[in-house]
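The values are calculated or read from the model by the stated rules, or taken from the named source; none is laboratory data. None of these values were measured; they are calculated from a predicted model. Every residue, glycine among them, receives a Cβ derived from its backbone with ideal geometry; neighbour counts consider all protein chains shown.
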Amino acid sequence: MKNFNSSALHSHSQSTNHIRERNSRKYSLLSVLPLRFSLRGYGVCMATLFLFCFGSLFYQLNGGPPKILLDIRQYLGLCGKNHWSVKVAPSRLFIHKDRVARHLVSCLHDCKRRKGGSTYLDDHGQPAPRVLPFPSQVIYNRVGKCGSRTVVILLRLLAEKHQFNLVSSDIHNKTRLTKHEQVDLMKNISSIPQPFLYTRHVHFLNFTRFKIEQPVYINIIRDPINRFLSNYFFRRFGDWRGEQNHLIRTPGMKDDERYLDINVCILENYPECSNPRVFYIIPYFCGQHPQCREPGVWALERAKQNVLENYLLVGILEELEDVLLLLERLLPHYFTGVLNIYKSPDYRKMGNMTGTVRKQTPTLEALQVLYHHMRYEYEFYNFVRDQFHLTKKKIGLKSVSKPPAYSNDFLRQLALRTPEPLDEDEELETDLEDANSWLVHP
C-alpha cells in the first residue's frame, strides 16, 4: 500500500507539473501576439465593419462603383495596353481620346473570351458618357480682315479660363479644298477632344455630306468696302505690329505696285480691284462648290441658306460689343466674361496692334465703281445685319455698340445711282483663283 500510494502521488505530481508546463508555454506564446484590445479599438473595428457593409449596400443599390473610379479605370486602359492615338495634321498635332470608350468594350470582351469569365459590362452595362455642354463642337471659319485676329486673341484668353480646346490653324491662304482635303480636315476636326473651338480661314464645310456630325458655326463679317480697303492696305503696309511685316508677306511686290493709288486701281479696273476679286465674303458661307466663287444669285442664296441652317450666330464687326454679348448668352461655356476681357486695359494694348496702317478713303467716283462690283456682297451683308438685329431683339439685348463711323446711308443712296452689275453670263477672268495673289497690271 505504501508503495502504491507513493506511486500514485508521484504520478499525480507529474501530471500536475505537465499541465502547469503546458499552460506556461501557451501563455508565453500568446504573450507574443498583440491581442490586448481596448474599448476604443473594439469601437474602431465595429465602425470599419459597419462602413464596409454600408458601402457594399450602396454599391449594389447604385449599380456599381462611383463614376470617378470608372473614369480612372477607363483612361488607365485595360489588358496592359496604351490605347491613345495621335494624328498629325499639316498645321497641328492632334491627340485625341475618342476611341478609348469604344476600345474599352472590345478589350473587355477579348479578356472575357480568353479567361472565360464574366465582365463588369455584362452585369452593369457601359459606363455613362461624360456630360458635355451643348454645343461642344464649334467652328469659326473666320473671314479675312473682319476682326478675326481680335477675336482669336480673346479666344486664347477664354480657352485658358474655361478649359476648352482651342485649335487655330496656321494655314491662312488655302480657303478652297479638294474633296479629299475636305474629308481629311473634317475628320481631324471631329477628332479634337470636346469641347473644342476650331478656327481657320476656310470656306464653309458641309460635314453631313460625308456622314460626319455637323458642328455649330459662328462668324463675323463687316461692311464689304471697309473690308476691301483694309485688306488692300494691309497687304502693302501691314499693321501697327511693324510695317516691315509687309515685306515678308508680299516679297514679290514691286514698289510701283505697293504704292499704287487706290483710286487708280479701282478706276482703271486692275484685277485686284475688280470682279471677281472683290467677291470675297459670300464664298465663306456658300461653301466649297465651284459655283460659290462666281458672283451671282446662286452663290448668294446658298450662302443665306447656310447662315439660317448652320450658323448659330453671324455678327457684324461694326457692332462687335453686341456680338460678344450675344456669344456670351448663346455659348456661355466658351464666352462667359468675354466683354470684361475685351474692355480691359491689358487687352486694349494687344488689340490696338492689329489695326491696318496708311489706310486711305477712295474718291466718290471710285466708291461708285467699287460698289458696282460689290452688289451681291452688300445684299448678303444687309441680310446678315438684319438677322443679327433680329436675334438681338429676340433675346432682349440692349445695344451697347457705338454707331459705326462709316455710315451705310451713303451706300443706300449710292445704289440708286449705280448701274446694274455685269450680266451673270458675261465671261469672268479665270486666272484669278487665289484671292491673295500679287497685284498684276491688266
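At-a-glance table
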item: Residue 142 assigned to a helix (DSSP H, G or I) and charged (D, E, K, R); result: no
item: The lone exception for residue 175 - which of (1) closer than 27 Å to residue 332 by Cα; (2) more than 18 Å from the chain's Cα centre (by Cα) it fails; result: (1)
item: Subset of region 204-217 that is polar (S, T, N, Q) and in a loop (DSSP other than H, G, I, E, B) - its residue that is farthest from residue 312 (Cα to Cα); result: 206
item: Residue within region 419-435 that is at pLDDT 55 or above, under 36 Å from the mean Cα position of the chain (by Cα) and under 30 Å from residue 173 (Cβ atoms) present; result: no
item: Verdict on residue 153 being crowded, with 21+ Cβ neighbours inside 10 Å, touching a residue at least 12 places away in the same chain (Cβ under 8 Å) and not in a loop (DSSP other than H, G, I, E, B); result: no
item: Members of region 186-207 found to be β-branched (Val, Ile, Thr) and under 17 Å from residue 292 (Cβ atoms), listed by number; result: 202
item: Residue that is farthest from the chain's Cα centre (by Cα) [pool: residues in region 179-203 that are outside any loop (DSSP other than H, G, I, E, B) and of a type in the set (Val, Ile, Thr)]; result: 183
item: Residues of region 260-315 that turn out to be among the β-branched types (Val, Ile, Thr) and touching a Leu at 6+ places or on another chain (Cβ under 8 Å), as a count; result: 4
item: Hits in region 128-161 (condition: within 28 Å of residue 283 (Cβ to Cβ) and in contact with a Pro (Cβ under 8 Å, 6 or more places away or on another chain)); result: 135, 136, 137, 138, 139
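For (1) of a type in the set (Asp, Glu); (2) in contact with a Phe, Trp or Tyr (Cβ under 9 Å, 6 or more places away or on another chain); (3) farther than 27 Å from residue 160 by Cβ, each residue gets a yes or a no:
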site: 263; (1), (2), (3): no, no, yes
site: 281; (1), (2), (3): no, yes, yes
site: 306; (1), (2), (3): no, yes, yes
site: 316; (1), (2), (3): no, yes, yes
site: 340; (1), (2), (3): no, no, no
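A quick yes/no check of all residues on (1) out of contact with any Ser or Thr (no Cβ under 8 Å at 6 or more places or on another chain); (2) farther than 24 Å from residue 304 by Cα:
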position: 162; (1), (2): no, yes
position: 168; (1), (2): no, yes
position: 176; (1), (2): yes, no
position: 180; (1), (2): yes, yes
position: 191; (1), (2): yes, yes
position: 203; (1), (2): no, no
position: 207; (1), (2): no, no
position: 220; (1), (2): no, no
position: 224; (1), (2): yes, no
